[in-house]
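The values are calculated or read from the model by the stated rules, or taken from the named source; none is laboratory data. Just so we're clear, the structure is a prediction, and the values are computed from it rather than from any experiment. Here the Cβ positions follow ideal geometry from the backbone for every residue, glycine too, while neighbour counts run over all protein chains shown.
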Amino acid sequence: MYIRPTKKRRSSRVRVLILLLLDAAGIYLLVWRRDVIRPIQVGPTPTPTPSAAEIMAQAHDLYLQGALDDAIATYEQAAALEPANPTPYVWWSFLLTLRRRTVEAVDKARQAIGIAPDSAETLAALCMALDWDAGVGDQAKLEEALSTCLSAIDLNPGYAEAHAYLAEVYADLGQTAQAVESARLAVTLNDSSVFAHRDLGYALEKQRKYKEAMAEYQRASQIHPRLAQPYIDLGRINMARGKYKESLSAFEKATVVDPHNAHAFDSLGWALFQTGDYRRARVVLQKGVEADPTYVPAYGHLALTNYVLTDYEGAAAAFKKALDLGATEREYYFELGLAYAYLDRCDEARPWLLKALEADPASAPAQEGLKLCPEKKSSP
C-alpha cells in the first residue's frame, strides 16, 4: 500500500535545510570577518621619556660607582632637559672640578648661580671650582672663592659642604687654624660627607699634622671607596713623609678605582720620577695624557721624564704641548730650547732660549743653550 508523506515530514526537511543554510552562512561570515576586519597591528609599547629627576638619579649612581665621565655626561643631559633647574649644573660643576677641568667647572657654577642666585648649593659649587682653579698664588680667585663660600654659609649655615670648601680656601690662603675650625664644623654637620673629612685632612696636612690628616683621608676613602681623590691625597702626604712605598701604593689605588683620571696617573708618574724609576714613570705619564689630552701637568712631567732619558724628540713634543695648553712654568722655555738644541734644530731652539732669558736674564741653562746655537752671522 502506498503511503503519502505527511506535511509534518516535509516541514521537518525544510527546517533542516534552512538550518544547514544558516550554518553555512555563519561559517562564511566568521571567515569573512577574519579576512576583512583584521586586528590593528600594534608596534612596541613606547617607553616614557625619563624625567630630569630620573636622569639625575642615574648620574648620581654613576658618581657613586666612580664613573665620573659618564656622570658628567648624564648631568649634562639632565640640564638640557630642565635648563631652569640649578641642581644638575651644581653637580656638573662639582664633577668637572674633580676632573681638574676647572675653567669649565667655574662656568657651570656661574650658570647655576644665574638660575638660583640665593642658593647655598650654587654658591658653594662656585667656591670649590674657583679654589681649585686658582692654583698656586692666584690671590684674586682665592679671595672670590672665600667671599662666595661665606655667602653660601650666610644663606644656609647648616650646609656642611660649604664649610668644607671654605676650609680648603682658608688652607690655600695660609689661614690653617681657621681652615681646621671650618672643616671640623663641616664634619659635625655631616659626618658622612666625603669632602668634610677630605678637607679636614687637607687643613691638617697644611699644619703638618700628617697622622691626623691621613686618618681623615682614610675616612673619606671609606665613605666613597670609588673616588680617586682621597687616595691621591694619601699618596701626596706619604711622599711628604718620605714613605715612598706607601705613597706609590696609594697613587696606584687611585688609578685602579678611576682608570680615566689623568691627575691620578700624573701623581703616580711623578712619584716614580722622584724615586728615580724614569722608564716606568714615562709609561704611567703617557697614560695620563691619554686619559685627558688637555691635562697640562702630565705633559710637563712627561717632557721632563723624556728629557732625563735623553729622548729629546719626545721631550720637545711634550714641552711644546704643555706650553700650547697654557703651562706657565718658566723653566719649560729653556728646557724646550735645549731639547731642540740637542737635536741640532737651532732655528727652533733660539726663540725659546731667548724667551727664557727674557723671563730670567740670569738663566744659566738658557745661556748655555745659546752657546750651542749661536746667532748666525749674515754673509758680507
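Any residue that is polar (S, T, N, Q), in contact with a helix residue (DSSP H, G or I) (Cβ under 6 Å, 6 or more places away or on another chain), closer than 22 Å to L227 by Cβ and free of Cβ contacts under 8 Å to residues at least 60 places away in the same chain - is there at least one of those in region 94-103?
Looking through region 94-103, at least one residue is polar (S, T, N, Q), in contact with a helix residue (DSSP H, G or I) (Cβ under 6 Å, 6 or more places away or on another chain), closer than 22 Å to L227 by Cβ and free of Cβ contacts under 8 Å to residues at least 60 places away in the same chain.
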Matching option when the condition is crowded, with 16+ Cβ neighbours inside 10 Å, touching a Phe, Trp or Tyr at 6+ places or on another chain (Cβ under 8 Å) and charged (D, E, K, R), among D311, D266:
D266
Any residue in region 157-182 that's free of Cβ contacts under 8 Å to residues at least 12 places away in the same chain: show its pairings with residues that are surrounded by 19 or more Cβ atoms within 10 Å (Cβ to Cβ) at Cβ separation under 6 Å, as long as the two are six or more apart or on different chains.
Q178/Y170
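If a residue counts only when it is over 38 Å from the mean Cα position of the chain (by Cα) and more than 21 Å from V308 (Cβ to Cβ), which helices (runs of 4 or more DSSP H) contained entirely in region 330-376 have at least 2 such residues?
Numbers: elements: 331-342, 346-359, 364-372.
Those helices (runs of 4 or more DSSP H) span 346-359, 364-372.
Given the options Y217, Y231, Y210, Y202, name the one that is among the aromatic types (F, W, Y) and farther than 27 Å from D292 by Cβ. First the steps, then the outcome.
Values: Y217 fails: farther than 27 Å from D292 by Cβ; Y231 fails: farther than 27 Å from D292 by Cβ; Y202 fails: farther than 27 Å from D292 by Cβ.
Result: Y210 is the single residue among Y217, Y231, Y210, Y202 that is among the aromatic types (F, W, Y) and farther than 27 Å from D292 by Cβ.
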Within region 51-80, can you find the residues that are under 12 Å from the mean Cα position of the chain (by Cα) and not in a helix (DSSP H, G or I)?
G66, A67
Would you confirm, using the coordinates I've provided, whether F251 is crowded, with 16+ Cβ neighbours inside 10 Å, without any contact (Cβ under 8 Å) to a residue 24 or more places away in the chain and either assigned to a helix (DSSP H, G or I) or within 15 Å of the chain's Cα centre (by Cα) (or both)?
yes
Mind checking which pairs have a first residue in region 64-88 that is closer than 21 Å to S193 by Cβ and surrounded by fewer than 17 Cβ atoms within 10 Å (Cβ to Cβ) and a second that is modelled with pLDDT of 95 or more and not charged (D, E, K, R), Cβ under 8 Å, 6 or more apart or different chains?
L64/H224
Identify the residue in region 294-314 that is outside any loop (DSSP other than H, G, I, E, B) and of a type in the set (A, V, I, L, M, F, W, C) and, among all such residues, is farthest from the chain's Cα centre (by Cα).
V308
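If you go through region 209-239 one residue at a time, how many are farther than 16 Å from V256 by Cα and either at pLDDT below 95 or polar (S, T, N, Q) (or both)?
Step one: list which residues in region 209-239 are farther than 16 Å from V256 by Cα, which gives 209-220, 223, 236-239.
From what's left, either at pLDDT below 95 or polar (S, T, N, Q) (or both): 218, 238.
Qualifying residue count for the region: 2.
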State yes or no: is W132 among the aromatic types (F, W, Y) and crowded, with 24+ Cβ neighbours inside 10 Å?
no
Please determine, by comparing only the residues of region 331-380 that are surrounded by 13 or more Cβ atoms within 10 Å (Cβ to Cβ) and among the basic types (K, R), which one is farthest from Y312 (Cα to Cα).
K355
